[in-house]
Each structure stands twice: as structure tokens, then as C-alpha cells.
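Notes to accompany the following structure.
The values are calculated or read from the model by the stated rules, or taken from the named source; none is laboratory data. Everything numeric in this text was worked out from a predicted model, so none of it was measured. Cβ placement follows ideal geometry from the backbone for every residue including glycine, while neighbour counts extend to all protein chains displayed. The protein model used for the area step is the full one, side chains on, heavy atoms only, and it has no ligands, DNA or RNA in it. Shrake-Rupley method; radii C 1.70, N 1.55, O 1.52, S 1.80 Å.
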Amino acid sequence: MAGNATEPVIEVNEATVRFGKLTAVDRLSLRVDHGEVFGLLGPNGSGKTTLIRALCGLIPLAGGSARVLGHDASREAEAIRSTIGYMSQKFSLYEDLTARENMDFYAGIYGLNVSEARVRQSELVERLGLGPYLDRWSGRLSGGWKQRLALACALLHRPRLVFLDEPTAGIDPVARRDLWDLLFQLAAEDVTLFVTTHYMDEAERCGRVGYISLGHLLAVGTPEELKHWPGVTPSGTRRLEISGGDIAALLGRLRDHPAVRQATIFGQAIHALVDNEVTPESLGLGAAQVRQAEPSLEDVFVTLSRAQQQAPNGGGS
Amino acid sequence: MIRKGLSIKRLVSVTRKEVIHILRDPATLFFAVVIPVLELLMLGYAIDTNVRHVRTIVFDEARTQESRALLRRFENAEDFSIVGEVFTDRDLGEALVSGRARVGIKVPENYSRRLQAGQTGQVLILVDGSESSVAAEAVNVSNAIALSESLDRLVAGRALPVEARPRVLFNPDTRSPNFFIPGLLVVLCQMMAMMLTANAIVREKEKGTLEQLFMTPVRASELMVGKMLPYLGFTVLEFCGIALLMNTIFGVPIRGNFLTLLAIALPFFLAMLGVGLWISTRAQTRDASLQMAMGTVIPSIFLSGYVFPLDSMPTFFRYLAQAVPTTWMIDASRGVILRGAGWAELWPNAAVLSGMAVLALVSSTAMFRKRVS
């Protein structure tokens, strides 16, 4: 009964989660297919972790339904938890246990028998390069190695779906890239990945991305699809990238200009959303270089958040 | 759907991990092993509830044969130890205020004259009331000494018409260790069981490891039982260890069957572990759990009859004490160790403790389940 390739791995229908009066997830619908790398973005407190917990049956749904790997999240939580892997932003293995002991523990928790566990462990150890660290207390490993160990523990039982809740928060860029390489290898082996992140570059790597804010899933699509979302660059407007000159002063001038809808600094440049008829000269940009720009994912999310805040009920579209 | 009973594999994993935690945490290990033994030695050697050798000062104003005979009786009584002599009322009072003596005896100048005239010879006994048990004992013994002195004078060599021959059963020498250590045995194990388990879940909460566990198929009951087993093991070991020390070092004989006692102690330990886990589930930080554990242990110790006899408590507290597992366990411990009681006498204790254990375990598991979701 545990699903086939055509059945969605995650299927959420109008799911609602409430904590008392607060609605943490509001009539959210979502479908994630086999082998996808799905990225969920959203500010802190937007409901990302709550959604994952609801999908694992840890939090009951106040409405709607959620199925994970063919199991109902509210009634078959144990079946779900036996077939998924989970890795959180905070290192949540036992620091006073060695890497090996942590793996042994989780192998037992996932019900692997001894020989099965041994084979799988050595496979993962080799693959993640954990060999030299096996007998070290896991609390003494560096951030990147901790995350690799956590990933190893989450993969012991060969899960078909892995939830990664901000897996790269607080680790260095090299370790971050290595981790993503590992994730793509997994995806190539038909493991579905559900990743939450703050990083735009990580979002760009995902096959599909969802943006969640205040419990509403505001948009879902491939990064390309999202950038061409009509709301992001409304008709009659275009996006400009302005660089050179005194950026801070330019930003102030742009924001005061009636024909400029948005202006944000990106590194050494300003991204501005301006009315079509506006020319660089009319903006008084002087010597600054101006070129037509594609919206970035960040532009997409900023636009979506602003639209949500301006909506009368504070809810989604 | 996977719907089986407890998974032994998961249970064993949790237990093994918990044992590693205990062994790798020197503070806990110290707390678990060294502290109880120290406490045992300290309490076993230091505590003596029998009032003996109360520091006494005398003011013999009469200085006669009779007055000296009376004072000799005081001297011969084990209860008093004469530490000095004063010659004025002022010095007598001073000796008590300064704490140099707890009892002051004044034989007035007219003592012998009044006796010879057939009148009552009065002796003043000043008692420092700041330690109630010492004061009560001093008053009683002084009265007894006065009474026997009077009787000797009245009967003058004839046999006494009535004589009480008290015989203290089970603890003929009224040795304090015999009274205290069987209770201490229970109290120390209770502290250990509760303090350690109170830590067990809150530690995982603080470290964030519980969150990860919730995402695995492990069940609340498996976690609870898996965490409890090592602590139960440690507590049983400690119980046997303390009993051994009690028997060898302090010479307290075990009159009944130790296995009977251990069998009764098992549900008691489970109840304590259950309460500890309940606390651990409620508390958010380890400090809070430790305080909650202390807050539970201390009243239960005072109510249990470990120090203060149940019979002298007001009715309400006597009933309240029945709700404390420690009360039943201390009664059983003294029963087996001192009175040689067996199942015939102690089955009610075993039954009540078993009931309490079930209650504690069920409610702590239920509480844990509720907290999880």
C-alpha cells in the first residue's frame, strides 16, 4: 500500500492547523511528487516547521487532510514516521554519544536488525566521509560534520522522503555546498526531499519552490515560473538594475519618486520596479548604469509578502 | 498500518542510550553513588534520637549528705552529664543562657532541714526548652529521679508494691540506627529514583533531541519504559548496597526475608520513577525539574514517619500520610528488617504500592503523550 511512482509523495488538501486562536497553517493545499526536491521558503514563524510537524502527524489538523507516502497524517502517523527521515536546523543528536553510538541508536529506533544496520551504516559512513569521526563524541564535531552525521542518522532506514528543516542554517559555505551536493545525489536515487530554507540561492536549486507566509502558501512553482508570476512584474512596469554612483543616495531619491514602485539594494546595485514610461533620465540617475533586469526569487517573495500585508484580511490571495 | 505492541528493539535502543548517558555524566554518577553512601554514613553515625548526656550544671546550696545523695542519682543516670558546679543563682542562670548547660539543678539550702522535719524537700530543675525532645526527656527523668528518691525514703527497704518491667521488642537497646537506617534506606532510594528520572526527559527537551525523536516511529510508552529501566536498575543496586552497609557497618540485623522487602520495594521504585518522569514531562528546564523533585521529596519524607512518628500527627496529616508511597514503604522496610514481618503482614503495603505505581506510570505516560502532540 505504500504508494507507487505515480502517486504523490505529499498531498495536502485545505489543511488547517490551529494553536488556540492562532491559525498557524490556513487552508493549505500542496502536492509533492516522487523524486522532487521541493523547497519551502518563508519568514520565521510563517508555519514551515508547523507544516512539517503536521505532515508527520505530530500536530493534529483542525481541517482538511494530509497524506504522506500514501498514509493519512492524522491516523497513520507511525507508518509515516517509519518511512520518512527528518533533519532539523538545530543539531538534535546526543552530544555525549559518539557518532557511531548515535547511528546505532537510530538504527535501533528504526527497527533495523544488527546485520542490516551494519551494512547500511558502513555505506553511509563511506558516502558521507564520516569514517575518521566515528568514535568522537558528536558534540565535539564541527557544524558541517554534525549535519552530515544527522543526515546519516536520518537516512539509516532508507526513507523515501526526507524532511530537512533549514538543514544549512549556521554552517559554513563549503559545508553548505557539500551538503547540497549530497542532497542532489539522494534525489537522483529517487528520494523525495522537502527542504525549508532562508537562503535564496538554495531555493534556486530546488526543483519547485513554495512560499509560505502567515500560514498561507502564497505561491508554488519552479523558480522560473515564480519569477514570471504576473504579480511580480505587473503589466505596465519593468524591473531595472541600477549600479554605480552613490547607491544610498540613489536609493533615497528612487523611493521618493512617484513612478518607482519598489527599490531594494542588492549588493552594489539597486533593483527597482518602475512604471514602463519611466526613463533613466527622468529618474535623475546621472552617471549610474541602468539595465533591464530579471526579477530574482527574492523580488518574488518580497512582492508576495507586501501584497499579503496590503490585502484587507491579511490573508492570502 | 503498523500496529504492534512495544518494540523490543526500540526499547533496548533507548535503554542502552540512557545507560551511556548515565555513565558519561560524572555529576550524575557522583550524585547517584557517592552522595547516598555519604549520607548514610553521616546519618548513620551522627543521628541519635535517644537523649543522653545532657549537659547539666549543679548548684548545691545545701551541701548536706542528702543533697549529695540526690545529685549522685542525677550523675548516675545516663541522661545527665554534670559538667560543672556553680555557687550563685546568677551563675546558674548564666550557664543556661550561654548554652554551657541545658539543665540546671539547684538544691536549696533548706533541703535537708525540710526533709528531716517531714516536709517536702523541693529541688529546682531549670530546663532549656529550645530543644523540645531534650527538654521533655530532662523533665521526665528528673521527675522519675525525684519519685524514686521519695519512694526510697518512704518505703525504707521494704519491697515496692508495683514495678513496671518494660521490654522493648525488636530493638531492645533502642538503638537509633535500627530505627533510622531502614527508613533512610527507603528515603535515599526515593531521592535517587526521583531526581534522576526527573532529569531524563527534560534533558532531551533542553538539548532539542526530543524533537528528533518525535519524528521517528518510537512510541511514548517505549521512551518512558526504556528510560525507566536503567534508573530502576540503578535504584535496585543502590537499595541492595545500602542494605548491605546497614547490615555490616551499622550492625542492623535483617530479621525478615530481604527478597520479600525487595519485592515490595519494586512497585515503590516504579511509583517514584513514574513521579519523576511526570515531573520531567511537565518541567521545561532541568532546574525547574530539580526543584519540583525536591518539592515532592521533602514533604513526603516528613510525612512518611521517617523522622516524626505518624501516631503523634494530627488526624488530617495522618490521613494525608497514607497517600504518600514513602509511608507504606518505610513501614514495610521497618517491618521486614526490624520485626521480621513477611507477606502475611505486609501484603497490604505491597498492594497499595502497586496501585500507586500503576497510577503514577499511567498518568505520566498519558501526560507525556499529551505533551507530544
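Between rounded, prolate and oblate, where does the range B:88-193 land on the alpha carbon gyration tensor, with a ≥ b ≥ c its root eigenvalues, rounded for a/c under 1.5, else prolate if a/b exceeds b/c?
The shape class here is oblate.
Based on the Cβ-Cβ distance of residue B:263 and residue B:120, what FRET efficiency does E = 1/(1 + (r/R0)^6) give at R0 = 41 Å, to the nearest 0.05?
Computed FRET efficiency for residue B:263 and residue B:120 comes out at 0.10.
Probe of 1.4 angstrom, ligands and nucleic acids ignored: what's the accessible area per residue over the range A:233-294, in square angstrom?
Values: 3370 Å² over 62 residues.
Value returned for the range A:233-294: 54 Å² of accessible area per residue.
Counting Lys +1, Arg +1, Asp -1, Glu -1, what net charge surrounds residue B:59 among other residues with beta carbon under 9 Å of its beta carbon? Please list the in-between numbers first.
Details: positive: B:106; negative: B:60, B:61, B:85, B:89, B:91.
The answer is -4.
For a quick protection proxy, order the peptides B:301-307, B:324-330 by their average other-Cβ count within 10 Å, most packed first.
Sorting B:301-307, B:324-330 by mean packing, highest first, produces B:324-330, B:301-307.
Taking chain A as a Gaussian network, Cα atoms linked when under 10 Å apart, which of A:187, A:259, A:307 shows the biggest mean-square fluctuation?
A:259
What nm distance separates the two modelled labels at residue B:308 and residue B:97, each placed 7 Å from Cα along Cα→Cβ?
About 3.2 nm, to one decimal.
So, in chain A, how many Lys pairs have Cα atoms under 30 Å apart, if the pair is 8 or more places apart or on different chains?
So the count of such lysine pairs works out to 6.
For chain B, take the longest principal axis of its alpha carbons; what is the angle in degrees between that and the long axis of helix B:26-46, to the nearest 10 within 0 to 90?
Once rounded, one gets 20 degrees.
When chain A is treated as a GNM, springs tying every alpha-carbon pair under 10 Å, which of A:132, A:173, A:280 comes out with the largest mean-square fluctuation?
Ranking A:132, A:173, A:280 by mean-square fluctuation puts A:132 first.
Taking the Cα atoms only, what angle lies between the long axis of helix B:258-282 and the longest principal axis of chain B, rounded to 10 degrees?
70 degrees
About its Cα centre, how strong a charge dipole does the protein assembly as shown have in debye, to the nearest 20, once Lys and Arg get +1 and Asp and Glu get -1 at the Cβ? Write down the numbers at each step before the final one.
Values: 70 positive and 69 negative charges, 277 e Å.
The dipole of the protein assembly as shown has a size of about 1340 debye.
Could you work out what % of the accessible surface of the range B:14-59 is carbon and sulfur, using a 1.4 angstrom probe and leaving DNA, RNA and ligands out of the count?
72 percent
For the range B:138-198, report the accessible area per residue in Å² (1.4 Å probe, heavy atoms, rounded to an integer).
Roughly 55 Å² per residue, with all protein chains present.
Tell me whether the protein assembly as shown comes out rounded, prolate or oblate; compute the Cα gyration tensor, take square roots of the eigenvalues as a ≥ b ≥ c, and use a/c under 1.5 as the rounded threshold.
Values: a/c = 3.73, a/b = 2.51, b/c = 1.48.
Prolate is the answer for the protein assembly as shown, as a/c is 1.5 or above and a/b outweighs b/c.
At a threshold of 8 angstrom on Cα-Cα distance, excluding pairs fewer than six apart, so keeping six or more, what relative contact order does the range B:54-155 reach in percent?
Dividing the mean separation by the residue count of the range B:54-155 yields 31 percent.
GNM on chain A, C-alpha springs below 10 Å: top fluctuator among A:36, A:126, A:14?
With Cα springs under 10 Å in chain A, the top fluctuation among A:36, A:126, A:14 is at A:126.
Run the numbers on the range A:233-294 and let me know its relative contact order in percent, using alpha-carbon pairs under 8 Å that are six or more apart.
After rounding, I find 46 percent.
Quick one: net charge around residue A:149, please, counting Lys, Arg +1 and Asp, Glu -1 for every other residue with C-beta under 13 Å from its C-beta.
Neighbourhood net charge equals +2.
Ballpark to the nearest 100 Å², how much total accessible area do A and B bury together, probe 1.4 Å?
So the buried area, both faces added, is about 2900 Å².
Would you check chain B for Lys pairs whose C-alpha atoms are within less than 21 Å, ignoring same-chain pairs closer than 8 in sequence, and give me the count?
Lysine pairs meeting both conditions in chain B amount to 12.
Take every residue in peptide B:203-215, count the Cβ atoms of other chains within 10 Å of its Cβ, and give the average of those counts.
Working: counts 1, 2, 0, 0, 8, 6, 8, 1, 8, 13, 5, 8, 16.
Whole-number average of other-chain Cβ neighbours for B:203-215 is 6.
222 nm [θ] for chain B, helices only, -39500 (n - 2.57) per DSSP H run of 4+, per residue, to 500?
-22500 deg cm²/dmol
Which of B:267, B:95, B:147 sits farthest toward the positive end of the charge dipole of chain B, with +1 on the Cβ of Lys and Arg and -1 on the Cβ of Asp and Glu?
B:267
For residue B:75 paired with residue B:287, estimate the spin-label separation in nm (one decimal), with each label point 7 Å from Cα along the Cα-to-Cβ line.
The answer from the label model is 6.0 nm.
Where both partners of a DSSP beta bridge lie in the protein assembly as shown, what percent of those bridges are antiparallel, to the nearest 5?
If I count the DSSP bridges inside the protein assembly as shown, around 60 percent turn out antiparallel.
Under a Cβ-Cβ cut-off of 12 Å, what is the net charge of the residues other than residue A:130 that fall near it, where Lys and Arg count +1 and Asp and Glu count -1? Don't skip to the end; give the middle numbers.
Details: positive: A:100, A:127, A:136, A:146, A:148; negative: A:123, A:126, A:135.
Once all neighbours under 12 Å are counted, the net charge is +2.
Under a plain spin-label model, where a point goes 7 Å from the Cα along Cα-to-Cβ, how far apart in nm are residue B:169 and residue B:31?
Calculated label separation equals 4.3 nm.
Which shape class applies to the range A:102-208: rounded if a/c is under 1.5, otherwise prolate when a/b exceeds b/c and oblate if not, where a ≥ b ≥ c are the square roots of the Cα gyration tensor eigenvalues?
Numbers: a/c = 2.09, a/b = 1.37, b/c = 1.52.
Note, shape of the range A:102-208 comes out oblate.
Magnitude of the Cβ-charge dipole of the range B:163-257, K/R +1 and D/E -1, about the Cα centre, nearest 20 debye?
Working: 9 positive and 7 negative charges, 37 e Å.
Taking the Cα centre of the range B:163-257 as origin, the dipole is about 180 debye.
Over the range B:63-131, what percent of the accessible surface lies on carbon and sulfur atoms, probe 1.4 Å?
Carbon and sulfur together cover 44 percent of it.
Pairs of alpha-carbon atoms within less than 8 angstrom and 6+ residues apart define the contacts here; what relative contact order does chain A have, in percent? Write out the running numbers ahead of the final one.
On the way: 567 pairs, mean separation 58.2, N = 317.
Value for chain A: 18 percent.
Taking each residue of B:12-18 in turn, how many C-beta atoms of other protein chains fall within 10 Å of its C-beta, and what is the average?
Taking the mean over all residues of the peptide, I get 4.
Using 0.36 nm per residue, how much length does the chain from residue A:224 to residue A:268 gain when fully extended, once their Cα-Cα distance is taken away?
Values: separation 44, 0.36 × 44 = 15.84 nm, distance 2.39 nm.
That pair, residue A:224 and residue A:268, stretches by 13.4 nm at full extension.
Quote the charge dipole size of the range B:54-155 about the Cα centre in Debye, to the nearest 20; the model charges only the Cβ of Lys and Arg (+1) and of Asp and Glu (-1).
The calculated dipole for the range B:54-155 is roughly 260 debye.
Taking beta carbons within 10 Å but only from partner chains, what does the mean come to for residues B:112-123?
So the per-residue partner count for this stretch is 0.
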